[in-house]
Amino acid sequence: MKLIPKRHTGLQLAIASSLVLTLSGCANFTGIQSSAQLRSLPSQTTEVNSPSAYWQDANWAQQIGGKDLQNLIDVAIADNPGLQVAAARIASAKALIEATGANDKVNINASLDSTYQRFTEHGMIPPPLAGSTKSNNQIALNVGYELDFWGKHSAEMRSALSQEKVALAEQQSAKLMLSTAIAHAWVQLARQYEQLDLSTRQLAVRNKLDELTKQRVKAGLDTSTEIQQSLIQSSTLQAEINQWQEAIVLSRNQLAALLGQSPERGQLIAKPMFNASNSQTLPEQLPLALLGRRPDVVAARWRVEALQGEIDVAKTQFYPNINLIGFAGVSSLGVSNLFQSGSTIIGAGPAIRLPIFEGGRLRAQLKGKVASYDAAVATYNQSLTDALREVADQVQSLKTTDAQDKNQRIADAAAARTIDLAQQRQKAGTANMLPVLAAENGRISQQKLLLDIQIRRIDLQINLIKALGGGYDLPAAIQAPADSQASNPLRNQSQSSTQLLIKAEAA
């Protein structure tokens, strides 16, 4: 028979005794629980018409503005201070994970204490030490290990991992906001250049009309009133040109700021080459699963998970905390005796903390965590509601803009036909150049309207990209572990919505 050393037997009895006291002696958290409910997506399902429904990818900016726009976004992502802050938050979250992981490991440290003191003559220390003055010295190696019976360490790790995933999602959100802001500014710069060109052409036509009007006034065919009217329109166009020139400079300054650089950098940006054919066709149906990759929704979801871990940690505070401690070293009165064989000290045993009455501190702490969890659930629900509304708004506005574009193209074609008819009459000698120039002026006005509609459509597409999470591809670090599907209603909800669709209703 193998004999168990007494010190081991005593340690086991101490641990067993503490476990017996767990249910009867601990403070309790009865009645403290969350009533918050995570919102589910709509339940209707239909089939995806074609893979083209997933019309966004990581290169969406290149599809809109070519390499010029994509390069600007790449530079901004590399240099923008806001993204550097997000990267620092990720590093901080990783450090928290490392610190949390250390809780499961044995803690070893060394200590050295030396106190020079006079021992009282009226205390427990007998003569000849009583009344003497000596140094009390101790050198020890201390070992500690916390027994995680209640899952405290695993809950802390779950919370820390979720915080890292929140930081990753927030970084992606910052990237998406920055890239879409640059895309909007770039598209507006393209519009301003195109409108400047159209206004300059229109002013040239207006100047020709002014010259003909002056000639007709001299010939007595028109009055000075027509000259003044022409002057008003020319001055208005010149003011419009000045406004576009100012807008171009301001947009360049805005782009430079988004790049995290000085205004001089904005002057080096190449003139955008606007092409209406870059406008993408809106698919008939958009899967709601795309909302699952939207960074702010993902971040809100993982905040809920992180706070669930904090609730679990707070609950473990109601149970006994059992640590195994040990020490070995030397201790003596006076330095001369410190390293003699008789000065050796050694010990081991459990350290037990049993919360019985904490004045409501533990319950208040748990209530605070539950309240934070409820707020996180409400934030997630609101994020999902906002995301659904934003997608629906952009889809509806895009359908309306498509109809406007179709009607404006008809108007532009009619204006072009008016020029042809006026030129035919002028060549036939049945009319002068005034109708031709007036028709050209009208055609440019229609082209301005068409340009604004096309630019608005691209802006709406950028908004839809942002509303759906853009080219954000959920990294593996944010994927939910397969073994925790049942315990996390967020993951269940996300999976159940994979086949749900937003249908682009006709305007």
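The values are calculated or read from the model by the stated rules, or taken from the named source; none is laboratory data. Everything numeric in this text was worked out from a predicted model, so none of it was measured. Positions of Cβ are backbone-derived with ideal geometry, glycine not excepted, and every protein chain shown enters the neighbour counts.
Assess whether V436 counts as being of a type in the set (V, I, T), touching a strand residue (DSSP E or B) at 6+ places or on another chain (Cβ under 8 Å) and either closer than 30 Å to Q317 by Cβ or modelled with pLDDT of 85 or more (or both).
No.
For L96, state whether it is modelled with pLDDT of 85 or more and either surrounded by 11 or more Cβ atoms within 10 Å (Cβ to Cβ) or within 24 Å of the chain's Cα centre (by Cα) (or both). I'd like the intermediate steps shown before the answer.
Numbers: modelled with pLDDT of 85 or more: no; either surrounded by 11 or more Cβ atoms within 10 Å (Cβ to Cβ) or within 24 Å of the chain's Cα centre (by Cα) (or both): yes.
So L96 does not fit the description; no.
Condition test on Q12, is it crowded, with 16+ Cβ neighbours inside 10 Å, at pLDDT below 75 and either part of a helix (DSSP H, G or I) or in contact with a Gly (Cβ under 8 Å, 6 or more places away or on another chain) (or both)? I'd like the intermediate steps shown before the answer.
Details: crowded, with 16+ Cβ neighbours inside 10 Å: no; at pLDDT below 75: yes; either part of a helix (DSSP H, G or I) or in contact with a Gly (Cβ under 8 Å, 6 or more places away or on another chain) (or both): yes.
Here the answer is no, as Q12 does not meet what is asked.
From the list A174, A190, A181, which one is closer than 23 Å to I462 by Cα and touching a Phe, Trp or Tyr at 6+ places or on another chain (Cβ under 7 Å)?
Details: A174 fails: touching a Phe, Trp or Tyr at 6+ places or on another chain (Cβ under 7 Å); A181 fails: touching a Phe, Trp or Tyr at 6+ places or on another chain (Cβ under 7 Å).
One residue alone meets the criteria, A190.
Looking only at the stretch 190-235, which residues are outside any helix (DSSP H, G or I) and crowded, with 16+ Cβ neighbours inside 10 Å?
Across the stretch 190-235, the qualifying residue is only D222.
Six or more apart or on different chains, Cβ atoms under 6 Å: show the pairs whose first residue is in the stretch 453-476 and closer than 11 Å to P295 by Cβ and modelled with pLDDT of 80 or more and whose second is part of a loop (DSSP other than H, G, I, E, B) and not hydrophobic (A, V, I, L, M, F, W, C).
Taking only residues 6 or more apart or on different chains, the pairs are G469/R294.
Is there any pair with a first residue in the stretch 427-443 that is closer than 15 Å to L209 by Cα and touching a residue at least 40 places away in the same chain (Cβ under 8 Å) and a second that is of a type in the set (G, A, S) and buried (at least 19 other Cβ atoms within 10 Å of the Cβ) whose Cβ atoms are under 8 Å apart and which are 6 or more apart or on different chains, and what are they?
Hits for this filter: A438/A422.
Results for (1) of a type in the set (A, V, I, L, M, F, W, C); (2) surrounded by 11 or more Cβ atoms within 10 Å (Cβ to Cβ); (3) modelled with pLDDT of 50 or more, shown as yes or no for each residue.
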{"residue": "N28", "(1), (2), (3)": "no, yes, yes"}
{"residue": "I32", "(1), (2), (3)": "yes, yes, yes"}
{"residue": "E47", "(1), (2), (3)": "no, no, no"}
{"residue": "A53", "(1), (2), (3)": "yes, yes, no"}
{"residue": "I64", "(1), (2), (3)": "yes, yes, yes"}
{"residue": "A76", "(1), (2), (3)": "yes, yes, yes"}
{"residue": "P81", "(1), (2), (3)": "no, no, yes"}
{"residue": "A87", "(1), (2), (3)": "yes, yes, yes"}
{"residue": "S111", "(1), (2), (3)": "no, yes, yes"}
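Scan the stretch 371-384 and tell me whether some residue there is over 24 Å from the mean Cα position of the chain (by Cα) and assigned to a helix (DSSP H, G or I). Before you say what the answer is, go through the steps one by one.
Filtering the stretch 371-384 down to residues over 24 Å from the mean Cα position of the chain (by Cα) leaves none.
Taking every residue of the stretch 371-384 in turn, none turns out to be over 24 Å from the mean Cα position of the chain (by Cα) and assigned to a helix (DSSP H, G or I).
Here are T120, T100, T115: which of them is over 30 Å from Y319 (Cα atoms) and either part of a strand (DSSP E or B) or in contact (Cβ under 8 Å) with a residue 24 or more places away in the chain (or both)?
T115
I'm checking my understanding of the structure. Among residues of the stretch 73-84 that are touching a residue at least 24 places away in the same chain (Cβ under 8 Å) and more than 19 Å from G470 (Cβ to Cβ), which one is farthest from the chain's Cα centre (by Cα)?
D79
How many residues are in contact with an Asp or Glu (Cβ under 7 Å, 6 or more places away or on another chain) and either aliphatic (A, V, I, L, M) or within 12 Å of Q195 (Cα to Cα) (or both) when one looks only at the stretch 231-261?
The total comes to 1.
It is to be established whether one or more residues within the stretch 190-205 are hydrophobic (A, V, I, L, M, F, W, C) and over 30 Å from I227 (Cβ atoms).
Yes, the stretch 190-205 has at least one match.
Kindly indicate which of L437, L451, L460 is of a type outside the set (S, T, N, Q), surrounded by 15 or more Cβ atoms within 10 Å (Cβ to Cβ), under 28 Å from W186 (Cα atoms) and in contact with a Leu (Cβ under 6 Å, 6 or more places away or on another chain).
Working: L437 fails: under 28 Å from W186 (Cα atoms); L451 fails: in contact with a Leu (Cβ under 6 Å, 6 or more places away or on another chain).
Checking each option against the conditions leaves just L460.
Are any residues in the stretch 270-314 crowded, with 18+ Cβ neighbours inside 10 Å, under 24 Å from D452 (Cα atoms) and modelled with pLDDT of 85 or more, and if so, which ones?
P272
For residues in the stretch 389-440 being over 39 Å from the mean Cα position of the chain (by Cα) and among the acidic types (D, E), which is farthest from K466 (Cα to Cα)?
For the stretch 389-440, the residue satisfying everything is D420.
(1) on the phi > 0 side of the Ramachandran plot; (2) modelled with pLDDT of 85 or more: which one isn't true of Q245, the others all being true?
(1)
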